[in-house]
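Peer 1: My questions all concern the structure below.
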Amino acid sequence: MKRRIMLIGVASCFWLTACSNVNGDDEASSKAAEEKSSNVDLLNQPFEEITAQEWETLYLSKEDFDLYLTQLQVKDANGVQEIDEVKMGSGKISIILNNHDGESLDNLMAAPFLDTMVRQVYIRSAYYQGKQPTIIISDLSGTLLSKTVEPLETVNP
């Protein structure tokens, strides 16, 4: 009798383990579905042409967001590389412009544009967990052009 009860107990343990593993596979597959990017092709057009509705449909996996950051460093059609380096870690994104111009008008105009652009894409990525990143923008000489924690406010006329 004891052997029978023990056999039923062991069989029940195996059965319960198998059932719980099936649920674990479902959770893993749903998590993988959440990690899939959607409407990434929207980033191929100018940001001002992306509608509010289209922004709502955009989602990037962590891998696709990392790829987006590396693509910022690519030379443009004229062979100019405007961004030297982009680093990301512990809630910070550091962007280094490819010049030594310091607080020139070009750099001071580029900083808020880059901040807004990267922040918009970040909050549509798997990295975003309800907390805004700190975005630091500087040039090759180390001049700090911008360090923001919150999104920049838009000024309407």
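The values are calculated or read from the model by the stated rules, or taken from the named source; none is laboratory data. Since the model is a prediction, treat every value here as computed from it, not as a measurement. We place every Cβ from the backbone using ideal geometry, glycine too, and count neighbours over all the protein chains shown. Protein only, heavy atoms only, side chains kept; ligands, DNA and RNA dropped before computing areas. Shrake-Rupley method; radii C 1.70, N 1.55, O 1.52, S 1.80 Å.
Peer 1: Among the candidates 142, 91, 102, single out the residue that is open to solvent by less than 30 Å² (accessible area, probe 1.4 Å) and on the phi > 0 side of the Ramachandran plot. First the steps, then the outcome.
Peer 2: Numbers: 142 fails: open to solvent by less than 30 Å² (accessible area, probe 1.4 Å); 91 fails: open to solvent by less than 30 Å² (accessible area, probe 1.4 Å).
102 is the lone residue from the list that is open to solvent by less than 30 Å² (accessible area, probe 1.4 Å) and on the phi > 0 side of the Ramachandran plot.
Peer 1: Note down all Cβ pairs under 7 Å where the first residue falls in the range 42-57 and is farther than 16 Å from residue 68 by Cα, the second is modelled with pLDDT under 90 and assigned to a helix (DSSP H, G or I), and they're at least six residues apart or on different chains.
Peer 2: 50/42; 54/42
Peer 1: Taking residue 84, is it touching a residue at least 24 places away in the same chain (Cβ under 8 Å) and open to solvent by 40 Å² or more (accessible area, probe 1.4 Å)?
Peer 2: yes
Peer 1: Does residue 152 satisfy the criteria of being open to solvent by 30 Å² or more (accessible area, probe 1.4 Å), over 12 Å from the mean Cα position of the chain (by Cα) and closer than 23 Å to residue 48 by Cα?
Peer 2: Numbers: open to solvent by 30 Å² or more (accessible area, probe 1.4 Å): yes; over 12 Å from the mean Cα position of the chain (by Cα): yes; closer than 23 Å to residue 48 by Cα: yes.
Considered against the rule, which asks whether it is open to solvent by 30 Å² or more (accessible area, probe 1.4 Å), over 12 Å from the mean Cα position of the chain (by Cα) and closer than 23 Å to residue 48 by Cα, residue 152 comes out as yes.
Peer 1: Are there any pairs, at least 6 apart or on different chains, whose C-beta atoms fall under 8 Å, with the first in the range 126-152 and under 16 Å from residue 91 (Cβ atoms) and touching a residue at least 24 places away in the same chain (Cβ under 8 Å) and the second among the basic types (Lys, Arg) and surrounded by 17 or more Cβ atoms within 10 Å (Cβ to Cβ), and if so, which?
Peer 2: 133/119; 135/119; 151/119
Peer 1: Which residues, taken from the range 53-106, are among the polar types (S, T, N, Q) and under 18 Å from residue 148 (Cα atoms)?
Peer 2: Taking the range 53-106 first, the residues among the polar types (S, T, N, Q) are 53, 57, 61, 70-71, 73, 78, 81, 90, 94, 98-99, 104.
Of everything in the range 53-106, those that are among the polar types (S, T, N, Q) and under 18 Å from residue 148 (Cα atoms) turn out to be 90, 94.
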